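**Q** I am attaching a structure below and will ask some questions about it afterwards.
Every number here is computed from the coordinates shown, using simple stated rules; none is lab data. The shown structure was predicted, so the numbers you read here are calculated from the model rather than taken from an experiment. Please note: Cβ atoms are built from the backbone with ideal geometry, for glycine as well, and neighbour counts cover all protein chains shown.
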Amino acid sequence: MLYSAAHGVALITLNRPDRMNAVNYEMLTGLVDAVRRAAEDPDIGCVVLTGAGRGFCAGGDLKEGAQPPQAQRPGRPGARTRGAVIRHGAEAARLLHEMPKLTIAMVNGPVAGAGIGLAASCDLRFAAASASFVTAYDRIGGAGDYGATWNWTRLLGGARARELFFISRSFTAAEALAFGLYTRVFEDAALAAQTMDLARRVASGTGASWAYLKANLNAADTMTLADHLDLESLHMALSVAAHAAARREREE
């Protein structure tokens, strides 16, 4: 796992390019640590998640799996143990979705399986023209992980999420954009520059305002309109006050 920070932006890079950044135990542990580090750093205003090499994330590593190394296993792991390990890695998805900072998946190439869960957990998904998309869970008899079924249902709606998972077709980047899987698609050579430009602009703004806005959007999934109006009104007042305070501080 690679981690760098500059100009208020944390860049987290899945770093197994020889395996198309397929998730193994070491990677998922490093990913959780990296995302938590960015979430807790007050100097970070935006988080960008990407993959090294030609792909974003090919899902779980079918050769190594996501289990601890053999020396760390108390015998052969059962379904509950395997589920607990997956849930540990899925904490990264929760943090990406809930942290009070804008999160961007910079999808630099093919994405599948656990990768689509991580991408969906981010607020925005900017993709390269070469970034194909497939759920791939049907290929291993899987039922979804890393928040994939939860996030895509909310992003696409129930009917389209069922189409996505049950039919499990492969999308080109253009098709994924039309279906609602990607926010924007850029030429491969322009992806990093376009993504990091937005990330830096977000990070240079008032972090509290973005935090309140993200909280409003997340709360809309579960709140009644009346309750949401109460929350939204409070957050509007607080965010405007925070923005004004930050502007006065810059002018002093």
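**Q** What net charge do the residues around Leu198 carry, taking every other residue with its C-beta under 14 Å from that of Leu198, with Lys and Arg at +1 and Asp and Glu at -1?
**A** Residues close to Leu198 contribute a combined charge of +3.
**Q** Let me ask you something else. Modelled label-to-label distance, Ala244 and Ser170, 7 Å Cα→beta-carbon offset: nm?
**A** Taking the two extended label points, one gets 5.6 nm.
**Q** Give a quick list of GluC sites (Glu not before Pro) in the stretch 136-222 that DSSP marks as loop, anything other than H, G, I, E or B, with at most 10 other Cβ atoms within 10 Å.
**A** Within the stretch 136-222, the qualifying GluC sites (Glu not before Pro) (loop, at most 10 other Cβ atoms within 10 Å) are Glu187.
**Q** Also: State the answer as a single residue: which of Ala178, Ala190, Gly53 lies farthest towards the positive end of the charge dipole of the stretch 2-203, with beta carbon charges of +1 for Lys and Arg and -1 for Asp and Glu, about the Cα centre.
**A** Going by the charge dipole, the pick is Ala178.
**Q** Taking the Cα of Asp41, stepping 7 Å toward and past its beta carbon, and measuring to each backbone N in the stretch 1-30: which are under 17 Å?
**A** Output list for this probe position: 1-15, 30.
**Q** The stretch 180-215 to the stretch 82-156: how many Å between their Cα centroids?
**A** 17
**Q** What fraction of the DSSP beta bridges in the chain is antiparallel, stated in percent and rounded to the nearest 5?
**A** Of all bridge pairs located within the chain, approximately 20 percent are antiparallel.
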